[in-house]
Amino acid sequence: MKSSNIVVIDYGMGNLWSVLNAFHYLDYEPIVTHDPDVIACAKTLILPGVGSFRKAMVSLRKTGIDQAINDAVLDNGSKILGICLGMQLMGNKSYEDGETLGLGLIPQSVDRFSSDEIGSNKIPHIGFNSVHSLSDSKLFRGIPSAADFYFVHSYRMLANGLTGKAATCNYGSEFLAAYEKNNIFATQFHPEKSQTNGLLLLKNFLAQ
């Protein structure tokens, strides 16, 4: 298995086993840590997550991981991939359980799906759905422009006004399914649970 400087951030709210299993399948051995010093020095960061935005940000701030992430990404140019809640935490703020500030790596807010948006669809959005990506996307290189990925979420970002490359999904209306700009990458879906498409996306991320 390849040694690497891939750091999976453990703040107590991530489905780490499935993420680690995907990287092991790709023949990589990530480091799992909650140590801010290790995170700040990492070249490649994975920020997974499931659950409450507010609870997650409280944990990140209490441990100093929030600052370590910003030091790595903004000061050192390290690349980061946020997955599901991890992507949402990279936003400016969320309105889940009241307004809470996020990491600010993606200039967008996180809101709950509204009934006006989803129509007869159910919340949470669970299951495989088609993601529409741009032809020059780095994350989606070699993946069809309309490919299925696995989602589990009740909150979402919109793609409106973003200057990076946005991939979208339609669940009654369009929302931001993935984002990339410079060294910042994020997916609302779970690539580690998205079979061949997800594994290729993770491989593409590591190749950047």
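The values are calculated or read from the model by the stated rules, or taken from the named source; none is laboratory data. Bear in mind the structure is a predicted one, so any value in this text is a computation, not a measurement. Quick reminder, even Gly has a Cβ in these numbers, built from the backbone with ideal geometry, and neighbours come from all protein chains shown. For accessibility, only protein heavy atoms count, side chains too; no ligands or nucleic acids. Shrake-Rupley method; radii C 1.70, N 1.55, O 1.52, S 1.80 Å.
Summary of computed values
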quantity: Strands (runs of 3 or more DSSP E) lying entirely in the stretch 1-86 (those with 2 or more residues that are touching a Pro at 6+ places or on another chain (Cβ under 9 Å)); calculated: 2-9, 44-47, 79-83
quantity: Counted residues, the stretch 153-173 - those being open to solvent by 40 Å² or more (accessible area, probe 1.4 Å) and either touching a helix residue (DSSP H, G or I) at 6+ places or on another chain (Cβ under 9 Å) or outside any strand (DSSP E or B) (or both); calculated: 5
quantity: Evaluation of Met87 against (1) free of Cβ contacts under 8 Å to residues at least 24 places away in the same chain; (2) surrounded by 21 or more Cβ atoms within 10 Å (Cβ to Cβ) (one fails), failing number; calculated: (1)
quantity: Among the candidates Leu176, Leu105, residue that is more than 16 Å from Val50 (Cα to Cα), touching a Cys at 6+ places or on another chain (Cβ under 9 Å) and touching a residue at least 60 places away in the same chain (Cβ under 8 Å); calculated: Leu176
quantity: Test: residue in the stretch 59-79 that is closer than 16 Å to His153 by Cβ, within 18 Å of the chain's Cα centre (by Cα) and not charged (D, E, K, R); calculated: no
quantity: Residues of the stretch 94-152 satisfying the condition of being surrounded by fewer than 14 Cβ atoms within 10 Å (Cβ to Cβ), hydroxyl-bearing (Ser, Thr, Tyr) and assigned to a strand (DSSP E or B); calculated: none
quantity: Long-range neighbours under 7 Å by Cβ, at least six apart or interchain, first residue within 17 Å of Tyr28 (Cβ to Cβ) and open to solvent by less than 40 Å² (accessible area, probe 1.4 Å) within the stretch 181-205, second in a strand (DSSP E or B) and of a type in the set (Val, Ile, Thr); calculated: Phe185/Ile80; Pro191/Ile83
quantity: Qualifying positions in the stretch 174-190 - closer than 24 Å to Asn70 by Cβ and not in a strand (DSSP E or B); calculated: Asn182, Asn183, Gln188
quantity: Per-region count, the stretch 1-52, residues among the β-branched types (Val, Ile, Thr), under 19 Å from Ala207 (Cα atoms) and touching a residue at least 60 places away in the same chain (Cβ under 8 Å); calculated: 3
quantity: Residues satisfying the stated conditions in the stretch 31-62, i.e. farther than 21 Å from Gly98 by Cβ and open to solvent by 10 Å² or more (accessible area, probe 1.4 Å); calculated: Ile31, Val32, Thr33, His34, Asp35, Pro36, Asp37, Val38, Ala40, Cys41, Lys43, Thr44
